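Since every read-out is calculated from the coordinates, none of them should be taken as a lab result. It should be emphasised that the depicted structure is a prediction, and the values quoted were computed from it without experimental measurement. Virtual Cβ from ideal backbone geometry, glycine too; neighbours counted across all protein chains shown.
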Amino acid sequence: MSVVFIGWYNRGMAALIYDKSLSNKYQLKRLIVVVAVLAVVVLVGLWWAKVYESPSNVFWGMIENNLVTSGATTHVSESQSGSSFNEYTQFELGVHNIAYSTVTLNEDGAEVRTETIGTLSTDYTRYTALSSKSKSVAYNRVIDVWAVGASTAKGQVTDPLYHLLGQSVLGVVPYANLIPDMRQSLVDEAKLLHVYSPDLAHVTHTRAYGHRVYVYTVDISPRAYAAFMQQVVRDEGLGSVSEFNPDSYQANSQPLVVQLSIDPISRELLAVNYGDGHIETISGYGLRPTITVPTHTISATELQTRLENLSKQ
């Protein structure tokens, strides 16, 4: 009996020791996993703060993002001395290259509202509201009547800045929807030419437009910008590049100074501050507006004639 008991006791103690050994090994493994996870979290956090969200990477990431944009909405608002100007513009690049804008102008009690649709070669415009403070005029012959501008003849090219679409996408930071190789080549060219010189040492971190924002003061070289935009227009297939001629500027031309507000996470350009109260805000990246080109139109000349006749009443 004592032999059996001793055998049972020895097996129990061995099992207990084995269980404790397993427990210690499990605890060690768990500790190693926890330490490894914490190390990864710390490293990712450091990479995010020091690399991904570094002012330089955020700025050039925004330039690259703008060159792969399928659509966006811009808004410009100005007011002074009893007058105000509001313009909203939506554009789509890629499947359809088209833009749509609404403009509201108030001055001394009179109001004018217009809509414009722009393609690569033609603009369509109509008045949606006209009012005069001084006299009552019947505007029915011009309200909601689409007028089409002169179209570019087939086989010819036109300067993109003559049309709404070009004006919408060829700003201080251009918008395009390009393949990766073209996009990277343009970013490299912008760096090489020193088109943009952001003051990376004095970037302001704030909250604006519903986002956490980096605000940069940026010098833009006119000569380098013109050369850069020539390539953007070619790559984007927008037509002639006559308005962007680097030979029109001296090498030491005074730079254009703007403030750019950028979301450091999405790399989206949120606002361009030109100074003197002129601010353009950008939103709705990736959204493609539904725009239908008018089928019933009159010529821009005819619309102008109708307006001139109204002014004589």
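Listing ARG207, ARG267, ARG141 from the residue with the fewest other Cβ atoms within 10 Å to the one with the most, what is the order? Please report the intermediate quantities before stating the final value.
Numbers: ARG207 8, ARG267 19, ARG141 11.
Ascending Cβ contact count within 10 Å gives the list ARG207, ARG141, ARG267.
Relative to 2.2 N^0.38 Å, what does the C-alpha radius of gyration of the stretch 221-313 come to as a ratio? Two decimals please. Intermediate values should be presented prior to the final figure.
Numbers: Rg = 19.9 Å, N = 93, 2.2 N^0.38 = 12.3 Å.
That ratio works out to 1.62.
If the convex hull of the alpha-carbon atoms of the stretch 63-283 is projected onto planes in all directions, what is the mean projected area in square nanometres? Walk me through the numbers on the way to the answer.
Numbers: hull surface 59.3 nm².
Average of the hull's projected areas for the stretch 63-283 equals 14.8 nm².
Sort LEU287, LEU270, LEU120 by Cβ crowding within 10 Å, fewest neighbours at the top.
Taking fewest neighbouring Cβ atoms as first place, the list is LEU287, LEU120, LEU270.
Could you work out the pair-distance distribution P(r) of the stretch 55-104 from its alpha-carbon pairs, with 5 angstrom bin width and percents rounded to whole numbers?
Here the calculated profile for the stretch 55-104 is 5, 16, 17, 15, 16, 14, 10, 5, 1.
So who's got an amide H within less than 5 Å of the one on ALA110, skipping anything under 5 residues away but keeping other chains? H placed 1.01 Å off N, in plane.
LYS133
Direction-averaged shadow area of the convex hull around the Cα atoms of the stretch 170-217, nm²?
Values: hull surface 18.7 nm².
Directional mean of the projected Cα hull area for the stretch 170-217 stands at 4.7 nm².
Could you run the Karplus curve 6.51 cos²θ - 1.76 cosθ + 1.60 with θ = phi - 60° over the stretch 249-264 and give me ³J(HN,Hα) per residue in whole Hz, x for Gly and Pro?
Once θ is set to phi - 60°, the couplings for the stretch 249-264 become 10, 6, 4, 9, 4, 4, x, 7, 10, 9, 10, 10, 9, 10, 6, x Hz.
Given labels modelled 7 Å from the Cα in the Cβ direction, how far is it in nm from SER77 to GLU64?
With each label placed 7 Å out from Cα toward Cβ, I get 3.4 nm.
Can you put LYS191, LYS312 in order, fewest other beta carbons within 10 Å first? If you can, show how the numbers build up before the last one.
Details: LYS191 12, LYS312 6.
The fewest-first ordering by Cβ neighbours comes to LYS312, LYS191.
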